[in-house]
Amino acid sequence: MKGTDGKETLKKALELGAKPLSQKRAREALRYVKPFSKWIEIITCEGVMGESEAKAESFTPKIVGPNIGKVTTASDTKAAALEMCELGVDLILFVGGDGTARDIYQVVNSKVPVLGVPSGVKMHSSVFALNPRRAVEIVVKFLRGEIGLTEGEIIDVDEKEYRDGKLKTRLYGYVSVPSDHVYIQTVKRASPITIDENEDQIAIARYVIEEMDNDILYIIGPGTTTKAINEELGQSSTLLGVDLIVNKKLLSKDVSEDIILYELKNREGKIIVTPIGGQGFIFGRGNQQISPHVIKKIGIQNIIIVSTPGKVSKLKHKHLFVDTGDQLLDNEFRKYVKVIIGYRLEAVMKIF
């Protein structure tokens, strides 16, 4: 669905099998808070907006905000954030994506520092930690006075355009975030539209196509670099979705996790992904269809990473990231890998 902004979109996503991740990621973050529970007070909302998760992790939270119904809304988020602001909390730690970040920004602005634990589909804003564990490490350093504050950009995309394969981003404003230049993700940057960039994408595509094996399911992640593969094959493709190729022919476009797993029942597969510009994520940002289940079935050794030299040079941290939602799987990724950067040209990069 390329996001879940709005009641109808969320309802349709759930009907199609989407699984909410916020509660799981909230509990993961809270587990890392436990060693510091003697000097950190948890203030949260009732029910599934924080209370249930906090109590499940043995906290006794202070409850604020509106009465929460069966279906939570953006208004609930705004009301809770406003009350937290008025209470003078030291930091608002939220779990969600760019839509949640926008909701909080509208009422908090820069009055109280915020930090996001990523659990959305769209995470373009520079207010998110790399994962729940890193989020808590940042929180602890900030509350101890070891780091200060900086400005984080609140950016979101037009979901309707996004679902149509068009990426239109808008800067909504700035919030105060803890100043950590390692564990907070940068803003997503689009690849530059230049002759050199285009030629590099074509060179990568030709090399990948030459190396393709017969009867293997190739799972092609989103991005302009990966899109060039289908273009070189003379086929239409999805810029912002996941496509499937077998024997150099397009099998299916813009597929879900269920379709990928179905097609993997009777054949082996390989995954081709490109890092998100500026951020460096190869999994966990915008390609959640390639889930931990899919990755485990494929095997890490069957993942092909492609990136133009221009994109590599503009990665802020100069290495790659994963945030699949499965911590054990993420740990398996933490090593040096080869990245195809041209025709029969490879670079070695570290996955952090």
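Worth a mention:
- Simple label model, 7 Å out from Cα along Cβ direction - Lys34 to Gln301, nm: 3.6 nm
- Neighbours of Arg267, meaning other residues whose beta-carbon lies under 13 angstrom from its beta-carbon, give a summed charge of -1 when Lys and Arg score +1 and Asp and Glu score -1.
- Value at 222 nm in deg cm²/dmol, rounded to 500, when DSSP H runs of n ≥ 4 in the chain each add -39,500 (n - 2.57): -9500 deg cm²/dmol
- With Cα atoms, 0 to 90° folded angle of helix 195-210 axis to the chain main axis: 70 degrees
- Helix axis angle, 22-33 relative to the chain longest principal axis, alpha carbon, degrees: 70 degrees
- Relative contact order (%) - criterion: Cα under 8 Å, at least six apart; region: segment 7-178: 18 percent
- A Cβ-based charge dipole, computed about the Cα centre of the chain with Lys and Arg at +1 and Asp and Glu at -1, lands at about 440 debye.
- 32 Å Cα-Cα threshold exceeded, pairs from Lys296/Lys350; Lys70/Lys270; Lys270/Lys311; Lys34/Lys335; Lys141/Lys297; Lys38/Lys296: Lys70/Lys270; Lys141/Lys297; Lys38/Lys296
- Degrees between helix 74-87 axis and first principal axis of the chain (Cα, 0 to 90, nearest 10): 50 degrees
- In segment 55-119, the alpha-carbon atoms span a convex hull of 105 Å³ per residue.
- Between the amide H of Asp156 and those of Arg170, Tyr172, distances stay under 5 Å, these residues lying 5 or more places away or on another chain, with hydrogens modeled in the peptide plane.
- Each residue, Lys24 and Lys141, gets one label point 7 Å from its Cα in the Cβ direction; the gap between the two is 2.8 nm.
- Using the Cβ-Cβ distance between Thr194 and Lys248 with R0 = 30 Å, the FRET efficiency computed as 1/(1 + (r/R0)^6) comes to roughly 0.60.
- Radius 11 Å from Cβ of Ile92, net charge of other residues (Lys, Arg +1; Asp, Glu -1): -1
- Most fluctuating residue given options Gly120, Gly88, Gly152, as computed from a GNM of the chain linking Cα atoms under 10 Å: Gly88
- Other residues lying with their Cβ under 12 Å from the Cβ of Asn247 contribute a combined charge of +1, Lys and Arg counting +1, Asp and Glu -1.
- Sorting Thr308, Thr60 from the fewest to the most surrounding beta carbons within 10 angstrom yields Thr60, Thr308.
- Spacing of the two label points (7 Å from each Cα toward its C-beta) at Asp213 and Ile63, in nm: 5.5 nm
- Full-extension gain in nm, Tyr172 to Leu239, via 0.36 nm per residue minus C-alpha separation: 21.7 nm
- Neighbour counting of Cβ atoms within 10 Å sorts the residues Lys38, Lys311, fewest neighbours leading, into Lys38, Lys311.
- Identified option (computed Rg/Rh (Cα atoms, Kirkwood Rh); candidates (1) 0.98; (2) 1.28; (3) 1.05): (1)
Read the figures in this text as sums done on the coordinates, not as results from a lab. Keep in mind that this is a model prediction, so the values were computed, not measured. With ideal geometry, Cβ positions are generated from the backbone for all residues, glycine too; neighbour counts draw on all protein chains shown.
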